[in-house]
Amino acid sequence: MAAEKEKNIPQLDDKLKHIAFIMDGNGRWAQRRGMPRMAGHRAGAKTFQTLSHYCADVGLKIMTVYAFSTENWKRPAAEVNALMELMDYYLDNSERLMRKRSIRFRFIGDTTALPEKLQRKIADLEDSTKNNDMILNIALNYGARAEITRAYRVLRERGIENPTEQDVSDAMYTGGFADPDLIVRTGGDLRISNFLLWQAAYSELYFTDKLWPELTTDDIDEIIREFYTRKRRFGDV
Ligand code: FPP
């Protein structure tokens, strides 16, 4: 579907199939406005919707977002519960919120630790969207070290004793899908925070001081334009 505004960005090709986002800064966005942190997460969820629509519109093949990490359980119970409620609301309404976009939902992370109601909705949504186009990976209770540790078990279950790099890739939650070409982090911190450590081997990194709820479709255009100026050598000259 065509984007509503005139796009002034390169036509996406195989160079940019997959963008992953570390959606940081919701809490600070709210605090700066004298609002509770949860208001920042709600604003962040709106930004997530807008930007996932936009990424589908510009023809991105895969978008991955870091929605809840294995470390986020350390937050106050009220914030964790409210985040789970927000996810729940979002899943209930995702078909309406995503309107006509053909988005295929996948959840990466240990979803077995999530509230059962949420697990059922996740399974239903993955099933009902499985033939759609843009893959939207939502990392929920995700940590890259936990994912790599789990990959050992997956490989053992598959009877693979001397895995190749491809075997290890296939044992990740993202097995069978392209690695991120670009990882974008909002919120000003210059780190990866246990996100896609295996898959990020050759990813380009983009950091911005903007807080996640402030990120706009124009910023996505600028990020895409900037990405296309980079030379990726993958270790070659
Ligand atoms: C980090 O900001 C953000 C999170 C831990 C939650 C991300 C959740 C959303 C964007 C909304 C829900 C998403 C979906 C998929 C419906 P922070 O709280 O660490 O911000 P801070 O660094 O300013 O405190």
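No value in this document is a laboratory result; all are computed from the given coordinates. None of these values were measured; they are calculated from a predicted model. No Cβ is skipped: glycine too gets one built from the backbone with ideal geometry, and neighbour counts run over all protein chains shown.
Values as computed for the structure displayed
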item: Nitroxide proxy distance, nm - points 7 Å out along Cα→Cβ at Lys130 and Arg75; result: 3.1 nm
item: For region 21-128, alpha-carbon Rg and Dmax in angstrom; result: 14.1, 40
item: Contact order normalised by residue count of the chain, Cα under 8 Å, 6+ apart, percent; result: 28 percent
item: Filter on Lys15/Lys100; Lys15/Lys46; Lys61/Lys130; Lys15/Lys61 - keep pairs with C-alpha separation over 20 Å; result: Lys15/Lys100; Lys15/Lys46
item: Long-range amide H partners of Leu182 with built H, under 5 Å; result: His18, Ala20, Glu204
item: Rounded, prolate or oblate (a/c below 1.5 giving rounded, otherwise prolate when a/b exceeds b/c) for region 115-219 by Cα gyration tensor; result: oblate
item: Distance between modelled label sites at Asp88 and Arg32, nm, 7 Å Cα→Cβ extension; result: 3.1 nm
item: Magnitude of the charge dipole, region 138-237, Cβ model with Lys/Arg +1 and Asp/Glu -1, debye to 20; result: 360 debye
item: Helix-only CD estimate at 222 nm, as mean residue ellipticity for the chain, using -39500 (n - 2.57) per DSSP H run (n ≥ 4); result: -12500 deg cm²/dmol
item: Per residue convex hull volume, Cα atoms of the chain, in Å³; result: 137 Å³
item: Virtual paramagnetic centre 7 Å along Cα→Cβ of Glu226, amide N under 17 Å, in region 172-186; result: 181-186
item: Using θ = phi - 60° and Karplus 6.51 cos²θ - 1.76 cosθ + 1.60, couplings along region 128-133 (whole Hz; Gly, Pro as x); result: 6, 10, 5, 9, 7, 8
